[in-house]
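The values are calculated or read from the model by the stated rules, or taken from the named source; none is laboratory data. Being a predicted model, the structure only gives us computed values, none of them experimental. Please note: Cβ atoms are built from the backbone with ideal geometry, for glycine as well, and neighbour counts cover all protein chains shown. Surface areas here come from the heavy atoms of the whole protein model, side chains and all, with no ligands, DNA or RNA. Shrake-Rupley method; radii C 1.70, N 1.55, O 1.52, S 1.80 Å.
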Amino acid sequence: MTPGTSDPVEAVLTGLFKGIGRFFKTLGYGIKKLNKAKPLIIGLVIFLGVATAAYIYRSLFFEIDAPIYFQWLIYGLFLASPFLYLYALGAHLSKAVGEYYRLFEEIGFIGRDKRYPMLLYKKEEGKKEILAFRSNIPITAWEKSKPQLETAFDAEILKIEPHGSKRKVKLTTISSDFRLPERIDWNDEYIDHKDGVYVIGENALGPIYIDVNRTPHVLAAGETGSGKSVILRCLFWQFIKKYGLPFMLDFKGGVEFGIKYEKFGEVITERKQAIELFELLVKENTARFEKIRALDCKNLKEYNRIVGEDERLTRIGVFCDEIGEMLDKQGSSGAEKEQIQKLSGYLSTLARLSRATGINLFLGVQRPDANVITGQIKNNVPVRICGRFADKSASEIVLGNTDACRLPEIKGRFLFKAGADTVEFQAYLFDDSAIDGIDANEFAENHRVITPELSQRLVNAPKPLPMKSVPKDAHAVKLDFDYGKRAVNK
């Protein structure tokens, strides 16, 4: 045989073996698809029943008035129907595997083993599409190549996560045609009634939740008019609806937390008052640590689950609408700088140590600055909510990336970051009128703290109203007073 020619028999056999290989490979895809879509198993059971019946009553096929080869053909199709069903299921996935192989090839997304990721399965969940791949490419490389992958897939990648092993990755995607609504009005039906869980808006995956048992503090940043203060007030509303004890810091003269909010707690507008409050909160934090540790608990949630109703401690929330106004040293006198230094230290201490004690910080900032958002605060406030910024450095300070510069100019549109993921969402539009006419006594009735001086801060009158009971152990203080009789800050 001359060089350059091929043996026709060898070519036929090679093609035959390749065809058999592809057939069984496609069957394998079909079996995998059964594992990811349980309803398809019903179809397989039906075809197994058909094949079994065909074998039992095979004599009927040979009574058909037709040539013998046609009788065998019909009998064979019925007998092989389960395999044909699996092949049909796998053929669709096999085609998709080829399509994604081509897409990865186009953008040069390849592993060190010179192999492209292989699609394991794809499935739809409402508007979302879940894709799972096997490859030797680390998940950090997937995250770094997210823009190129989104362009190749013509979809937005909402989440990239491991899928059982380091060689498997799962992508949650949504069509590039999907658009978030530009307004979602708040409704109390959105409240999650689990302790310490709050909802702030929605994205393509559904509601955006914050669990302060896991991530205890929140930083919300945004330019004027972005809706940052609305998010803080929405969190505040859920906090009091869950019988939390709020303190409000508003260094814009009490504009953001107005008079109507004072029936729920003290609104602080001066640094001296804030220092006094934070001193007591740090003291309360230490006392709570001792109580929680004495019962060998991990956090306030666990402690409150173990102790009796009369010993449960109230979750405390510090809501500061603008920490920039509170901590900005520019143009401050020596005495003011000393106050700012104290406040920054107390904030850092609480951010670092109050994870387990149920003292949560909800901080807002309009102009992020490294001098205001210190390393201690940044490292210990894991939840970041960021609106659009034209300034890349502001986005970097809050999120650690420049994604906020690419947000559309839509009021209430934010980025949410907790850990490595940054997702876009539309914040709920909370209307302050919801708090009008509500009875604050209902929410304050069972407020309970350890530090007596802290309880007195709650009554903003010349003389604190009497407390109902002070336990003999001189630790717990139960608060039960009429908020309606309180004097209003002037």
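Extension gain, residue 180 to residue 429, is 88.2 nm, computed as 0.36 nm per intervening residue step minus the present C-alpha separation.
Full extension of the segment from residue 341 to residue 370, taken as 0.36 nm per residue of separation minus the current Cα-Cα distance, would add 9.0 nm.
Considering helices alone, the calculated mean residue ellipticity of the chain at 222 nm is -12500 deg cm²/dmol, with DSSP H runs of length four and up weighted by -39500 (n - 2.57) and normalised per residue.
The calculated FRET efficiency for the pair residue 189 and residue 79, based on their C-beta separation and a Förster distance of 60 Å, comes to about 0.60. Student exercise: in the stretch 142-205, how many lysine pairs 8 or more apart or on different chains have Cα atoms under 23 Å apart? The number of close lysine pairs in the stretch 142-205 is 10. Note on the stretch 338-411: with neighbouring protein chains present and a 1.4 Å probe, carbon and sulfur make up 44 percent of its accessible heavy-atom surface. The mean accessible area for residues of the stretch 139-276, using a 1.4 Å probe and ignoring ligands and nucleic acids, is 44 Å² per residue. Counting only residues at least eight positions apart within a chain, or on another chain, the aspartates and glutamates with an alpha carbon under 15 Å from that of residue 283 are 453.
Rg over Rh for the stretch 291-349 works out to 1.23, using Cα positions for both radii and the Kirkwood form for Rh. Eigenvalues of the alpha-carbon gyration tensor of the stretch 168-271, scaled by 5 and square-rooted, set the equivalent ellipsoid semi-axes at 29, 17, 13 angstrom, largest first. With N as its number of residues, the stretch 320-448 has a Cα radius of gyration that, divided by 2.2 N^0.38 Å, comes to 1.23. The candidate values were (1) 131, 52, 33; (2) 107, 50, 48; (3) 106, 53, 43; the one computed from these coordinates for Cα extents along the principal axes in Å carries the label (3). Probe radius 1.4 Å, ligands and nucleic acids ignored: give me the carbon and sulfur share of the accessible area of the stretch 158-317 as a rounded percent. Within the stretch 158-317, the accessible surface is 46 percent carbon and sulfur. In a fully extended conformation the segment linking residue 23 and residue 405 would gain 132.5 nm over its present Cα-Cα distance, using 0.36 nm per residue.
For the stretch 372-445, the equivalent ellipsoid built from the Cα gyration tensor has semi-axes of 30, 18, 11 Å, listed from largest to smallest. Placing a pseudo-label 7 Å from each Cα along the Cα-to-Cβ vector at residue 392 and residue 379 gives an inter-label distance of 2.7 nm.
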